[in-house]
Amino acid sequence: MKINVYNALKSERTYQDAKWPNHLHTPGEWLLIIGKLQMDAQRAWLSKGNDGALHEIRQIGATCVAAMEQCGAPARPGQGFVGSLPDPMEALVTHIYQRISDTLRQQGYPALTGEQGVFVIQGLRGAVVMAQEEMISRMKRMAEGEAQ
């Protein structure tokens, strides 16, 4: 049964990526989108019954997956974290990603979609974290040098 669910989510994500290839949202914006979809699901259930509701629930699930692909997916407490950065850094990553996307589009390349976009965003997040760690390390070394 789980494999059917994951296949339905994957097919919906493929559809969403084709329809909206370059949409970046904050977690709050994703929540607004999900809330609207939830209202659509309630309406579908009232007018079309369970079948209509399940169609909408698939869309909600895939939208939640898209939000986590883009913004990060926190694990349960004590199980690590794969996710977004503090807001100022996340804004920097989003800005750089948008500049890369714009440059590629201006040069005639196709838009980054789906897994490509997620790969670029995760790479940018990693680079920002590495730069921050290097800066902290240098500041500590400078402080230690001044203390001697």
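Derivation of every value follows stated rules applied to the coordinates shown; laboratory data play no part. Bear in mind the structure is a predicted one, so any value in this text is a computation, not a measurement. Cβ placement follows ideal geometry from the backbone for every residue including glycine, while neighbour counts extend to all protein chains displayed.
Listing for the model above:
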read-out: Largest-first principal axis extents, alpha carbons of the range 1-75, Å; value: 33, 28, 28
read-out: Principal-axis tilt of helix 114-147 within the chain, Cα atoms, nearest 10 degrees; value: 30
read-out: For residue 73, distant residues with modelled amide H under 5 Å away; value: 82, 83, 84
read-out: GNM result for the chain, Cα springs below 10 Å: residue of 52, 123, 108 fluctuating most strongly; value: 108
read-out: Nearest 10 degrees, 0 to 90: helix 2-19 Cα axis against the chain principal axis; value: 80
read-out: Net charge of neighbours whose Cβ lies under 13 Å from the Cβ of residue 40, counting Lys and Arg as +1 and Asp and Glu as -1; value: +3
read-out: Charge tally in the Cβ shell below 15 Å around residue 109, where Lys, Arg are +1 and Asp, Glu are -1, residue 109 excluded; value: +1
read-out: Environment charge at residue 49 (Cβ cut-off 15 Å; Lys +1, Arg +1, Asp -1, Glu -1); value: -1
read-out: Tilt relative to the chain, helix 87-106 - C-alpha long axis, 0 to 90 degrees, to 10; value: 70
read-out: Distance from the range 116-135 to the range 19-73 (C-alpha centre basis), Å; value: 27
read-out: Label selected from [x] -0.79, -0.96, -1.05; [y] -0.90, -1.07, -1.14; [z] -0.71, -0.94, -1.07, the criterion being log10 I(q)/I(0) by the Debye sum over Cα atoms at q = 0.15, 0.17, 0.18 Å⁻¹ as computed here; value: [y]
